[in-house]
Amino acid sequence: MTEPSFIDRYRTRFDTTWTDETPIDQVRFVVLDSETTGLNPQTDRLITIGAVAVCGYEIVIEDSFDVLLKVAENTSAVTVHGITRDEARGGIEEEEALVRFLDYVRDGVIVGHHIGHDIGTLDAGYQRGWGFHTKNRSLDTMDLTLHLERDGAFAGRPPIRSFTLDALCDMFGVIPHDRHTAGGDAFLTAQVFLRLLKLAARHGRTTLAQVGEAFVETTE
């Protein structure tokens, strides 16, 4: 069975892509946020997808993605995210949104706050539609924050105890404008991520592997 052309285009992007040793200032990071109808990636559906690229220690506004999906069921999650049910019914179909996102993300390293849920929900959609999962590397801003805390980057501050995006915005002085929309949260996360990248570079984390390392608690 021949794969759709958009999947073939996507897979080809990984023929030559980032390695563990790629310097972070050469990577195209794609900061992602999605709003969903619930917390179970296997049963819940995407409402919106928002993303913006970070390259060379800059947010690249013109390299961004924002789409509203059609949500047919009568779900309170739609109104929680500030989207009316009429707006949700007027969005694009899930398959079209997922095709567009794959063409947008290419081989970018996906970044997000507790990013596992977003990737899991996207992958569930790709599995339903075409039986495959995304191949992109990913990086969780919370993992990087905790690594930097362990590296001593936040010396003089109280230990991190709150693991929300709001807490990181407060830590770095990022004003939480347009909170709880996919595009807004992606842009907020990108601002936090820029600050984390600069701190990482100052503490010897200059390669993709060093900033993308999963955080594991240790017992002393």
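The values are calculated or read from the model by the stated rules, or taken from the named source; none is laboratory data. Keep in mind that what you see is a predicted model, and the values were worked out from it rather than measured. Note: ideal-geometry Cβ built from the backbone for every residue, glycine included; neighbour counts use all protein chains shown. These area figures cover heavy atoms from the full protein model, side chains too; ligands, DNA and RNA do not enter into them. Shrake-Rupley method; radii C 1.70, N 1.55, O 1.52, S 1.80 Å.
Extension gain, HIS117-ALA167: 0.36 nm per intervening residue step, less the Cα-Cα distance, totals 16.1 nm.
About the Cα centre, and with charges only on the beta carbon of Lys, Arg (+1) and Asp, Glu (-1), how big is the dipole of segment 144-211? Nearest 20 debye, please. It would help to have the intermediate numbers written out before the result.
Working: 8 positive and 6 negative charges, 57 e Å.
Approximately 280 debye in magnitude.
Put a dot 7 Å past the Cα of ILE160, heading toward its Cβ, do the same for CYS55, and the two dots end up 2.7 nm apart.
With a ≥ b ≥ c taken as the square roots of the eigenvalues of the C-alpha gyration tensor of segment 153-220, please select rounded if a/c is under 1.5 and otherwise prolate if a/b is larger than b/c or oblate if it is not?
On the way: a/c = 1.78, a/b = 1.43, b/c = 1.25.
In terms of gyration-tensor shape, prolate.
DSSP bridge analysis restricted to the chain gives an antiparallel fraction near 70%, rounded to the nearest 5. Between TYR104 and ASP20, the simple label model (points 7 Å from Cα in the Cβ direction) yields a spacing of 3.2 nm. Using C-alpha pairs below 8 Å separated by at least 6 residues, the relative contact order for the chain is 27 percent. Dipole magnitude for the chain: about 240 debye, using +1 per Lys or Arg Cβ and -1 per Asp or Glu Cβ, origin at the Cα centre. A cut-off of 5 Å between modelled amide H atoms, ignoring neighbours fewer than 5 places along the same chain, links HIS203 with no other residue.
Could you tell me whether segment 8-69 comes out rounded, prolate or oblate from its Cα gyration tensor? Rule is a ≥ b ≥ c as square roots of the eigenvalues, rounded for a/c under 1.5, then prolate if a/b exceeds b/c, otherwise oblate. Prolate, because a/c is 1.5 or more and a/b exceeds b/c. Element breakdown for the chain at a 1.4 angstrom probe: carbon and sulfur atoms account for 50% of the accessible area.
Once the 1.4 Å probe is applied to the protein heavy atoms, the chain comes out at 50 Å² accessible per residue. Per residue of the chain, the DSSP helices (runs of n ≥ 4 H) give a summed -39500 (n - 2.57) that works out to -12000 deg cm²/dmol at 222 nm. Charges were assigned to the Cβ only: +1 to each Lys and Arg, -1 to each Asp and Glu. The resulting dipole of segment 19-74 about its Cα centre is roughly 300 debye.
With a ≥ b ≥ c taken as the square roots of the eigenvalues of the C-alpha gyration tensor of the chain, please select rounded if a/c is under 1.5 and otherwise prolate if a/b is larger than b/c or oblate if it is not?
On the way: a/c = 1.95, a/b = 1.34, b/c = 1.46.
Note, shape of the chain comes out oblate.
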